[in-house]
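Worksheet: the structure to be examined is printed underneath.
The values are calculated or read from the model by the stated rules, or taken from the named source; none is laboratory data. Here the structure is a predicted model, which is why all the values come from computation and not from measurement. In this analysis, Cβ positions are derived from the backbone assuming ideal geometry, glycine residues included, and neighbour counts consider all displayed protein chains.
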Amino acid sequence: MIHSLLTSLLLMSPPAQAEAERDDEASLESERDDAANLDAETETETETETETETLDEDEILDEDAATNAAAPADATSEEMTYPRAIEALRQGIELGDQRPKEAIPFLEQALAQLPQFTPALAADPEVLALRAEAYVSLARAYLTARDKAMARAALDEGLRSAPWDHTLPAERYGPKVERLWRERIKAANALPRQDVLVKCWVDCRVYLNERPVAASERVEQTEPPALSLDDDSNDSDDGDDGDLGDEDYAAQVRLGTLTGGSYRLWIEAVDGSAEPLITDFSPPEAEGEALEFIFATKPAPISTDAPAPVVEPPAPAPAPAPVVPVVPVAPEPARQKRLLPLPAEISAMLVGAGLIASGAVLFTMSGKCANDAASKDIVPTDGPDLCPSLWTTSTAGLALVGAGAGVFSAGTVLLAVDEARTGKQRTGKERSAARVTLGWQFRF
């Protein structure tokens, strides 16, 4: 073949030979360019593979070095408080620096706990900055797990939730995270802005993604500026008051938001007169459509005119008294009078008993010696010197006994007759009192 090529060259004319030489030079230059491009592509692929291998080796080393490191405590194992939520966020970031893949659930859980402490978080710029760093750490963890879609979502949420004057610290988390961060800023700048109106009937505080927006004043939030690498998180900016409506609201706020993504809105009354309004929303995608939130209820108007006289309705007529049937009551029968008063009858009985006792004593003393000497065995023939004087009271004693028996009998009969006549007219209490009195008198 070489011999035939030399023969053809010798047989060619000088012009044809020159043209062939030019074609050979062009072919050589094309081959050199192709080789250079191939070398560049090979070098790029080699660098990419080297970077990937280096990252994988670093992850393996980090995982081996942190095998015995303590994982953050589960945020749901105890009652969550604001200090515990901050501590869980710090632990999640520290774990992300050591074992990014394992830190994903801890970072997501810690970030999900913070919105319930919106008023405290909005007043804590340091924790807001720490949360922005947590979103970047979460994005790096997803890149390590080769989940670029979730990494983009983490950075997008970080851009919507970062403090107004804060930049996400993406440059501290490696070139891959920084390149993705710049990509998300360009994508956010390409999105249109939409207005969200907040109108409060009372003095209110408004928080957007846990960041303070307005408090107790009429404020208009204008369309947000484009995000930049120097200030990448300003979703809204204060502006002059505008025409937000004819109603006399206590405070009105216009929020300029991106059409993509979800936002968290927290509205509370300054004086606590209304329950807070807590909601999630996504701005409308169609241009010209404004989302509106109205907080609290409209107060009753205060009239300056003199109040009309109050006419009291006439008092209702009193209800007729109920008719009570009259039941005839039989008259109480007249009480029969006693023959003698009860004390007199009892006194007669006592006097009669006393006379009987006195007559019995006189009767027993009759025939006895007056000087206390016994006179029953005295014989009359013995002489008067033995008992010069004797008691002769038998007649008087019999008289007293008879009189006493008569008086006692009369009192007893009168008392029995009166008690029989008036006993039926007495009540139970009167009968008891009579029996008690009579018994007491007899015991005496």
Might you let me know whether the range 333-345 holds any residue that is modelled with pLDDT under 80, assigned to a loop (DSSP other than H, G, I, E, B) and in contact with an Asp or Glu (Cβ under 6 Å, 6 or more places away or on another chain)? yes
Within the range 116-133, which residues are under 29 Å from the mean Cα position of the chain (by Cα) and surrounded by 15 or more Cβ atoms within 10 Å (Cβ to Cβ)? 117, 118, 119, 120, 121, 122, 124, 127, 128
Only one of (1) hydrophobic (A, V, I, L, M, F, W, C); (2) at pLDDT below 85; (3) assigned by TED's automatic domain parsing to the domain that holds residue 419 fails for residue 353. Which number is that? (2)
Being without any contact (Cβ under 8 Å) to a residue 12 or more places away in the chain, on the phi < 0 side of the Ramachandran plot and surrounded by fewer than 18 Cβ atoms within 10 Å (Cβ to Cβ) is the requirement here; does residue 146 meet it? no
Which one of 238, 230 is assigned to a strand (DSSP E or B), surrounded by fewer than 13 Cβ atoms within 10 Å (Cβ to Cβ) and modelled with pLDDT under 50? 238
Using the structure shown, decide if residue 279 is modelled with pLDDT of 70 or more, out of contact with any helix residue (DSSP H, G or I) (no Cβ under 8 Å at 6 or more places or on another chain) and not aliphatic (A, V, I, L, M). yes
Anything in the range 398-409 that is under 13 Å from residue 366 (Cβ atoms) and surrounded by fewer than 19 Cβ atoms within 10 Å (Cβ to Cβ)? List them, or say none. 398, 399
Is it the case that residue 109 is closer than 27 Å to residue 278 by Cα and in contact (Cβ under 8 Å) with a residue 12 or more places away in the chain? yes
If I filter the range 299-313 for residues that are surrounded by 11 or more Cβ atoms within 10 Å (Cβ to Cβ), assigned to a strand (DSSP E or B) and modelled with pLDDT of 75 or more, do I get at least one hit? no
